[in-house]
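Notes for the one structure printed next.
Values quoted throughout were computed directly from the atomic coordinates according to the rules given, and no laboratory measurement underlies them. Since the model is a prediction, treat every value here as computed from it, not as a measurement. All Cβ positions, glycine included, derive from the backbone under ideal geometry; neighbour counts span all protein chains shown.
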Amino acid sequence: MLSRRHLLHYTLGAGAALGVAGMLPAWARSSSDGNLGITSASGTAFDLEIAEFPVRINGKTGKAVGINGQLPGPLLRFREGETVTLNVTNKLQEDTSVHWHGLLVPFQMDGVPGVTFPGIKPGKTFRYQFPVRQNGTYWYHSHSGLQEQLGHYGPIIIEPSERDPIGYDREYVLVLSDWSFTDPHRIYAKLKNNAESLNFQRRTLPDFLRDAANSGFSDTLEDRAMWGKMRMSPRDLADVGAPTYTYLINGHSTAENFNMVFQPGERVRLRIINASAMSLFNVRIPGLPMTVVQSDGLNIQPIETDEFQMGVAETYDVIVAPEDDQTYAFVAESIDRSGQAVATLGPRPGLRAAVPDLRPVPSLTMKDMGMSHKSMAGMSDMENRPTMSDMSGMSSMDHMTHGDMPLTAMGPDPHGPPTQLASVEASLKKGPGVANIAAMPSSRLNEPGIGLSDQPHRTLTYSQLRSLEPNPDSRSPQREVVIHLTSNMERYMWSFDGVKFSEVTQSIRFREGERVRLTLINDTMMPHPIHLHGMFFDLVNGGGDHKPRKHTVVVKPAEKLSVDVSAEHVGDWAFHCHLLYHMHAGMMQVVSVLPSTDKMPMDHDMMGHDMPMEHEMPMDHDMMDHSAMGHDKPEEMK
Amino acid sequence: MRKVMFAALAAIAVTTSASAQAHDDQPPSSSEKPWSQADAYFGKETMADARRAVQAGGGAQNSFYVLFNQLEAQFSDESESLYWNGQASWGDDINKLWIKSEGRTSLNGDGTEDAELQALYSRAISPYWNLQAGVRHDFEPHGLTHGVLALQGLAPYWFEIDASAFLSEKGDLTARFEAEYEFLLTQRLILQPRIEANFSAQDIAERETGSGLNSIDAGLRLRYEFVRELAPYVGVEWQSEFGGSRDYTRVAGGDPDQVVVVGGIRTWF
């Protein structure tokens, strides 16, 4: 697959940096390569070719799978209100796909093989065509196999049809990712065989000695014993870290130093996209406050902060206004502090900011396990040691299906509406795929990301986010669907409600036009970025009618959070953890929005807001071909 | 004791067949597709194939695992030998074929002293435990086949446990208990204490085995994981025999208490 053009780049590329620059799209090139800003690939028709190609990262050659021979793929610039056509050609030996992450498109254009379309076979071209009815920062990526890990991702900027409320003089897109020279299937096999084998941030003897010196030998021993008794690790922050991963910003490692240039006094907009396969990032620019103005493509009320944690697939737009003629380090640090990618923001091209040291590794606490310290006394009840009597009943311990699950009433939700919601929750029990059920899940929206609580500077929390515009649908939810995020780290099994995607026999059903509260309870020790296609989550964070609207929401360990969803767009929509290997292991479902039987799709009066249609609600029903969407064929929906 | 074991083996067989039936019932019939709205655009059959593929790729994959926990030379005052203790598995999250092998061959030209191979069906029965049943064949010291029932998994406090009971074709019941732990001195330098104990329900003269506790091997191995999958190690192991087995060894002129120095490679893939 080494084309002549690529070979030329190799021979010409005397240094690693030059070699990389040749492989990069224009907008992702460093300013040292003469590109001070972003050149956009705009228009309404795009040809994308998915193929294998070589890349050089830190001077070492690897094999990427990506778009138009570039890592990351080209920046696609759309204009709100236009209809775009994207011809995606598969030059691989295996199936591929492109999913437009966060874009509200007709579901057959959503790009999830086996859910919304059959996928793109080798040698074939699939024509995506959809109206662009929103604006902001988004991205696109493969939804096939493990191709995302190999480089199959790129950014999207949609320019608003009207004046952008965010003022800025200059902008940069920053695509964060985690690159590995190890084949992703090999990474998955390693996780499956030895789930901790790619974690080099575990607690060791020196940690024990240091903790014993600080808090006493017996307390330290007790702490270790508690974790040991549960067979869980407080350093289970990321399944995969450095040195397996090299962290990248626009395809540049720290050594390759992605360069951004500013004039002192300018307002610079950074559109940050976490396109990694498995890595949550802590993002900061030491010495330069960031004003967050957008999250997941939707504008929020500006909020100034010094650091925030980004789940995989989340996007944040921040405005920085450097006044001084100096360099700043843009730091994307992996959640497990095993590595980072650093870019330079400087007054002139070619500068290199000082790279800060990696900070000490944080440890999870008992809170992350969903229990207070006190409740540990009752832990013997939670032991699930098999006995002969257990074994006789073992056939009932797996193959749970939704069909078996009784409806159970939920307790009142503090964020919820005053009236009690009808609620569906699976009855969960421990088994091979469910190692833990959080005994006391709690709201953690007012906490920053895992490991950031003790920072001396300001850190962003979900509870701070308020949408700029009033929410388009302020109805109270009509019912609640509770979903547990479940796992067994030892077996590397991941699922929703203890049911892997491979075992799903029925999708989660929403009725068109209904407002549903989705409550997510994380029974695992890891934060999960949960993504629902085709709909935005109105995060129930106390924001009233200015809830932040997100396509991906991070659910912290032992957290219980709720999002309200307006089921507007008929179709089958993927719903999954955006950590690639969790999804691959089964942490995925489908939400089917079924056409409303009364054929009255959406009564706008019901929404309590007499608002013009805005980008959050792109599917103007008049624009949609209802017969094509299967409205005339309700029997197909059974 | 023997009755209990037969009953347990029978229970496993029943459960296995029951679960196999459950699997047959799993694929939903065409009228109960988990979701199907894309059928209207791309055709029922095309989407059915794609749906099967995407679901299979979401948790039904089989995994393959090989571990040589010990592949080492053992040096004592009396002899040098090569010892191996390894296992391999293949299957999905719940059901696996599990192979185990353990043996020792002399480096002094005395041939292979012990060599056994187990082939087990392994079923995940709880978050941390697998119940295993199958057969074991000893190639050395002489051919002998056993039925096996084992419980393998992770005990609280991170102890890796493998407890096996063996019923030989001659009706002799024996058992083996293995436990190991890992101390991380650094991220890559790991100290592994390990204990193996063998028991017998009866005196087995032809195997020079007494009844009760026959032997304990307690070892301490220090390895360095250059990569996780490949770690050379050095260590020391105390090998002691007890009861009737100790007497058999003494009569044969051997030393029932030995300290051996070991060096080898731990590898998995």
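Express in whole angstrom the spacing between the alpha-carbon centres of the range A:41-71 and the range B:51-128.
Spelled out, the Cα-based centre of one part sits 41 Å from the other.
Let a ≥ b ≥ c be the square roots of the eigenvalues of the Cα gyration tensor of the range B:109-184; is it rounded (a/c under 1.5), or, if not, prolate (a/b larger than b/c) or oblate?
oblate
Cut-off 10 angstrom, C-alpha nodes, Gaussian network model of chain B. Which of B:Val236, B:Val148, B:Val227 fluctuates the most?
So, out of B:Val236, B:Val148, B:Val227, the one fluctuating most is B:Val227.
List residues of the range A:275-304, by number, whose backbone nitrogen lies under 18 Å from a label position 7 Å along Cα→C-beta of A:Ala354.
Residues passing the 18 Å test: A:284-289.
If only Cα atoms are counted, what is the Rg of the range B:63-268, and what is its Dmax, in Å?
17.0, 49
Could you tell me the calculated FRET efficiency between B:Glu169 and A:Ala213, based on Cβ-Cβ distance and R0 = 41 angstrom, to the nearest 0.05?
0.10
Considering the zone a paramagnetic label at B:Ile265 would reach in this model (a point 7 Å from Cα along the Cα-to-Cβ line), which residues of the range B:224-239 have amide N under 17 Å from it?
B:224-235
Considering only C-alpha atoms, what is the centroid distance from the range A:481-557 to the range B:216-241, in Å?
Using only Cα atoms to place each centre, the spacing works out to 44 Å.
List every DSSP H helix in chain B whose Cα atoms extend 15 Å or more along the helix's own long axis and whose mean Kyte-Doolittle hydropathy is at least -1.0.
Membrane-span-like by this criterion, though nothing is claimed about a membrane: B:2-25, B:44-56.
Longer than 22 Å from Cα to Cα, which of A:Lys121/A:Lys500; A:Lys229/A:Lys430; A:Lys229/B:Lys96 are they? Say none if no pair is.
Checking Cα-Cα distances, A:Lys121/A:Lys500; A:Lys229/B:Lys96 exceed 22 Å.
Note down the net charge around B:Thr105, summing +1 for each Lys or Arg and -1 for each Asp or Glu among other residues with Cβ under 9 Å from its Cβ.
That works out to -3.
For the residue pair B:Val236 and A:Gln506, what label-to-label distance in nm results when each label sits 7 Å from Cα along the Cα-to-beta-carbon direction?
So the label points at B:Val236 and A:Gln506 sit 6.5 nm apart.
Quick one: net charge of B:Leu220's neighbours, Cβ under 14 Å, K/R +1, D/E -1?
-2
Could you name the aspartates and glutamates in cross-link range of A:Lys556, using Cα to Cα under 14 Å and dropping any fewer than eight places away on the same chain?
Candidates past the 8-residue exclusion: A:Asp236, A:Asp368, A:Glu447, A:Asp523.
Given a Förster distance of 22 angstrom, what is the FRET efficiency for B:Ala60 paired with A:Arg479, based on the Cβ-Cβ distance and rounded to 0.05?
Computed FRET efficiency for B:Ala60 and A:Arg479 comes out at 0.10.
Rank these for me by crowding, B:Trp98, A:Trp139, B:Trp90, going from fewest to most other beta carbons within 10 Å.
Final ranking by Cβ density, sparse to dense: B:Trp90, B:Trp98, A:Trp139.
What FRET efficiency comes out for the pair A:Thr597/B:Phe139, r = Cβ-Cβ distance, R0 = 56 Å, nearest 0.05?
So, using R0 = 56 Å, E works out to roughly 0.20.
Considering Cα pairs under 8 angstrom that are at least six residues apart, work out the relative contact order of the range B:63-268 and quote it in whole percent.
15
Would you mind ranking B:Phe68, B:Phe269 by Cβ crowding within 10 Å, fewest neighbours first?
If I rank by nearby Cβ atoms, fewest first, I get B:Phe269, B:Phe68.
Determine, for A:Thr344, A:Thr204, the number of other Cβ atoms within 10 Å of each Cβ, and report the residues in order from fewest to most.
So the residues, fewest neighbours to most, are A:Thr204, A:Thr344.
To the nearest 500 deg cm²/dmol, what mean residue ellipticity at 222 nm is calculated for chain B from DSSP H runs of n ≥ 4 alone, each contributing -39,500 (n - 2.57), summed and divided by the residues?
-6000 deg cm²/dmol
Count the net charge of all other residues whose Cβ sits under 10 Å from the Cβ of A:Asn90, scoring Lys and Arg as +1 and Asp and Glu as -1.
Net local charge, A:Asn90 excluded: 0.
Place the peptides A:275-285, B:152-162 in order of packing, highest mean first, counting for every residue the other Cβ atoms within 10 Å and averaging per peptide.
My ranking of the peptides, most packed first, is A:275-285, B:152-162.
Given 0.36 nm per residue, what is the gain on full extension from B:Asp247 to B:Arg188 after removing their alpha carbon distance, in nm?
Separation in residues times 0.36 nm, less the Cα-Cα distance, equals 17.0 nm.
Testing the spin-label approximation: label points 7 Å from Cα along Cα→Cβ at B:Trp84 and B:Ile195. State their distance in nm.
2.8
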